[in-house]
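Notes to accompany the following structure.
The values are calculated or read from the model by the stated rules, or taken from the named source; none is laboratory data. Keep in mind it's a predicted model, so treat the numbers as computed, not measured. Cβ placement follows ideal geometry from the backbone for every residue including glycine, while neighbour counts extend to all protein chains displayed. To get the accessible areas, we keep the full protein, side chains included, count just its heavy atoms, and leave off ligands, DNA and RNA. Shrake-Rupley method; radii C 1.70, N 1.55, O 1.52, S 1.80 Å.
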2 protein chains.
Amino acid sequence: MAQQPTFQRGGNDPGLDNPSRRNLLVGTAGTMAAVSLLGITPLARGEEPKTLPDYAAWKERTALIVHSANTMETRRDAIGQGVVTPSDRLFVRNNLPTPPASIVANRDAWEVRIEGVKNPKTLTIGDLKEIGVSTVASVLQCSGNGRAFFPHGAGGTQWSVGAAGCILWTGVPLKDVVEALGGPVDGAMYITSTGGETLPEGLDPKTVKVERSVPTRAMESALLAWGMNDEPLPLTHGGPLRMVVPGYYGVNNVKYVKNVAFTKEQTDVKIQASSYRVRDVGKKGSPDQPSMWEMNVKSWVTSPLTSGRKGRNMIYGVAFGGTVSLDKIEVSLDGGKNWQQARFLGPDLGPYAWRPFVLAADLAPGEYRIVSRATDTKGNSQPEGRIDNERGYGHNGWSDHGVTVTVS
Amino acid sequence: MAQQPTFQRGGNDPGLDNPSRRNLLVGTAGTMAAVSLLGITPLARGEEPKTLPDYAAWKERTALIVHSANTMETRRDAIGQGVVTPSDRLFVRNNLPTPPASIVANRDAWEVRIEGVKNPKTLTIGDLKEIGVSTVASVLQCSGNGRAFFPHGAGGTQWSVGAAGCILWTGVPLKDVVEALGGPVDGAMYITSTGGETLPEGLDPKTVKVERSVPTRAMESALLAWGMNDEPLPLTHGGPLRMVVPGYYGVNNVKYVKNVAFTKEQTDVKIQASSYRVRDVGKKGSPDQPSMWEMNVKSWVTSPLTSGRKGRNMIYGVAFGGTVSLDKIEVSLDGGKNWQQARFLGPDLGPYAWRPFVLAADLAPGEYRIVSRATDTKGNSQPEGRIDNERGYGHNGWSDHGVTVTVS
């Protein structure tokens, strides 16, 4: 039915495993079918691989669009209507080759160095687990989610809406760790986290190292996380330890985190200094431009995507406010001329989580442009259009994220 | 580490798959290890099967204690610290052989008959999905969870603490369906749900049919659920459609539900009339005895279970109030002489959900009897002892549910 995800899981349920459908979804036909389901013009790209790379082999292939070995997007029809995204459907985006599985063989022995505090110290995950623990629901979203909607052809992975998910993270509150080490040094302005990936040889480390600085205001909610959806944080998603900054874009949630420093300046590596900077089309990135930190208010419809049926249709979607709780979600069936308030579905997991929504609509035969618009409790609302920018970051315009649904 | 689950998942993460440990957990040694982890005297029973039955083959073998082909319990050290139980770790308890997978091949076509309303009607799941939708977090717990702690040897599956989990159920509110059909007939006192299992031949249907009546007050929260943890409800757990009565014992959550009737009387089938009745040891079951409906307030420690270490230990557990929100959770390290208030961990998913809890304790070498005691917002608190009853139902006494932990 239009209002339910059409993808089929493999192992979940013997009765669900439909070989013909699975075959349809893993070949060229599948790629086309998946792309068409996105409600956007199919993008020129090679055939998707039939299988997932080893480090992500445990994920649900039929729920993903594989852009490359390091970039996999959740299909729009596989996002679901849940308050939490099942781990095996979550998107994947790695900046560097994934470290060997050996780093999660003895998780509690993993070490992270804490610097820029009164008493700098190297702590193991085992140590961190004794300092404190918290579980926070937060949306993980790539800065470029929605890039495919930019007409100027912004470079980078052509994410549609599926580079996002809502995850339950478990770890120690960063502020508890910092407090245990005497607090930040005077004048600390940023929290700078460094990933533990092995850097490719022959390249200037500054051009490839994953190291991100976020303002110290993020300390209130940041976690050093070892758990995801009540399981040990998978290697695929940054395990054994990841810096989680609730409400901040994905890149700030540094994987395999090896070093956390309170610093007066932002790091000068490329991923911070010139990448993930919002600037006009054609401009180069530089430190004076806005960095991709707090996420903006956003929503999109997840079902139906292409066809509805005469009569009652349940319109589903997801909405979130970044670091701010949501006030309301509205849906329009006529491309934004008239709006109706939709209803949030399921428990509220907090300000950083997304909220699925649903609207019951009785539709006559015809074509409908279905769009959604979220508003947070500070009055921020999604704009109609997009802010064109060189790299296609932070797109939360409601118009481009709409879907055209035919009811017959 | 003591404060983390020691079970290892298979497919989740290449780095997690430890063959030697997996072997340890699937043979006789594994059974013994698992039982000893329960903190109770090992029970006399045959070796556990190495594999799961086909209808449950997708579940995480290492997280389960297999009592029989129809009864599998979540290991105490696999319950985790999450607000939601991952589906592949949830316990399984079927009263009859599982229907064929063919019944979930076309889910939306499944039919349920609604009777005892002004306008009785047969509806498909497709129809139900157009009436309304809600997602509710609720603890699913077998009436006999804790039966293994009764000294008189209550008959039935010897569940320890693992016949329980907290699930996100998605479906249509029963009251929306009833309202659409004109409301209940006058004098309706019970909601009687019937399962769609094929009954074994040669037996009086009344002795085997799964049909349960709950008071009409349950209509306020009951769902006809087609989804579990944002996936189609697995056949293993009652898919394609299950009656979910939040806060009520598992047996009332009728699987493969085919008929829902508003009735003046409770059904007279055995599972209602004489089974699931609380009575003194040695007595036979009868309709005048209390039926297993609303769950009582309960909690138990999930980690550590046997050994801690000198210094800081994080003590984890889960607590729930049945149909009532929790007020507080207390933990005692000395078998109930002194109590400390523990902290709830993670977002509150509502009155029917469980809440993980944690207490940081600095322990010197020695032996500790760790027990937990939950209190709900109506002032109901777990008793110290158990109420002995023939079938070992509804045990929420804090003493038996404690664990003895050695710190060296």
Could you identify the single residue in B:Val92, B:Val117 that is within 14 Å of chain A (Cβ to nearest Cβ) and β-branched (Val, Ile, Thr)? B:Val92
Only residues that are out of contact with any Pro (no Cβ under 6 Å at 6 or more places or on another chain) and touching a residue at least 12 places away in the same chain (Cβ under 8 Å): list them for the range B:213-222, please. B:Ser213, B:Val214, B:Pro215, B:Thr216, B:Ala218, B:Met219, B:Glu220, B:Ala222
Pairs needed: first member in the range A:320-336, in the same structural domain as A:Ala222 (by TED's automatic domain parsing); second member anywhere, part of a loop (DSSP other than H, G, I, E, B) and open to solvent by less than 30 Å² (accessible area, probe 1.4 Å); C-beta distance under 6 Å; at least 6 residues apart or different chains. none
Selection status of A:Gly144, of a type in the set (Gly, Ala, Ser) and more than 13 Å from chain B (Cβ to nearest Cβ): yes
Looking at the range B:161-176, can you tell me whether even one residue there is at pLDDT 95 or above, among the hydroxyl-bearing types (Ser, Thr, Tyr), buried (at least 23 other Cβ atoms within 10 Å of the Cβ) and within 30 Å of B:Val281 (Cα to Cα)? no
All but one of (1) at pLDDT 95 or above; (2) open to solvent by less than 60 Å² (accessible area, probe 1.4 Å); (3) in a helix (DSSP H, G or I); (4) within 12 Å of chain B (Cβ to nearest Cβ) hold for A:Gly15; which doesn't? (1)
Which pairs have Cβ atoms under 6 Å, sit 6 or more apart or on different chains, and link a residue in the range B:200-212 that is not assigned by TED's automatic domain parsing to the domain that holds B:Gly250 to one that is open to solvent by 30 Å² or more (accessible area, probe 1.4 Å)? none
Need pairs with beta-carbon distance below 6 Å; first residue open to solvent by less than 30 Å² (accessible area, probe 1.4 Å) and within the range A:94-108, second of a type in the set (Gly, Ala, Ser) and at pLDDT below 95; sequence gap 6+ or separate chains. A:Val104/B:Gly15
Within the range B:279-383, strands (runs of 3 or more DSSP E) holding 1 or more residues that are of a type outside the set (Val, Ile, Thr), open to solvent by less than 50 Å² (accessible area, probe 1.4 Å) and over 28 Å from B:Val136 (Cβ atoms): B:311-320, B:326-332, B:355-363, B:366-376
Condition first: more than 14 Å from chain B (Cβ to nearest Cβ) and either crowded, with 24+ Cβ neighbours inside 10 Å or within 25 Å of the chain's Cα centre (by Cα) (or both). Can you find one or more residues in the range A:132-140 that meet it? yes
Could you pull out the residue among A:Thr236, A:Thr267 that is outside any loop (DSSP other than H, G, I, E, B), in contact (Cβ under 8 Å) with a residue 24 or more places away in the chain and either touching a helix residue (DSSP H, G or I) at 6+ places or on another chain (Cβ under 9 Å) or surrounded by 24 or more Cβ atoms within 10 Å (Cβ to Cβ) (or both)? A:Thr236
Could you list, in sequence order, all residues of the range A:53-80 that are within 13 Å of chain B (Cβ to nearest Cβ), part of a loop (DSSP other than H, G, I, E, B), open to solvent by 20 Å² or more (accessible area, probe 1.4 Å) and not small (Gly, Ala, Ser)? A:Pro53, A:Trp58
Here are some conditions: (1) assigned to a helix (DSSP H, G or I); (2) of a type outside the set (S, T, N, Q); (3) over 24 Å from the mean Cα position of the chain (by Cα); (4) closer than 28 Å to B:Glu201 by Cα. B:Ile103 meets all but one. Which one does it not meet? (3)
A:Arg391 being closer than 26 Å to A:Asn252 by Cα and either touching a Leu at 6+ places or on another chain (Cβ under 9 Å) or open to solvent by 20 Å² or more (accessible area, probe 1.4 Å) (or both): yes
Assess whether B:Tyr248 counts as being closer than 15 Å to B:Ser213 by Cα, of a type outside the set (Lys, Arg), at pLDDT 95 or above and crowded, with 23+ Cβ neighbours inside 10 Å. yes
For A:Asp288, the lone unmet condition from (1) out of contact with any Phe, Trp or Tyr (no Cβ under 6 Å at 6 or more places or on another chain); (2) assigned by TED's automatic domain parsing to the domain that holds A:Thr98 is (2)
Taking the range A:193-209 only, how many residues are open to solvent by 60 Å² or more (accessible area, probe 1.4 Å) and of a type in the set (Ser, Thr, Tyr)? 2
If you check B:Thr170, B:Thr194, B:Thr157, which single one turns out to be hydroxyl-bearing (Ser, Thr, Tyr) and either within 30 Å of B:Leu305 (Cα to Cα) or free of Cβ contacts under 8 Å to residues at least 12 places away in the same chain (or both)? B:Thr157
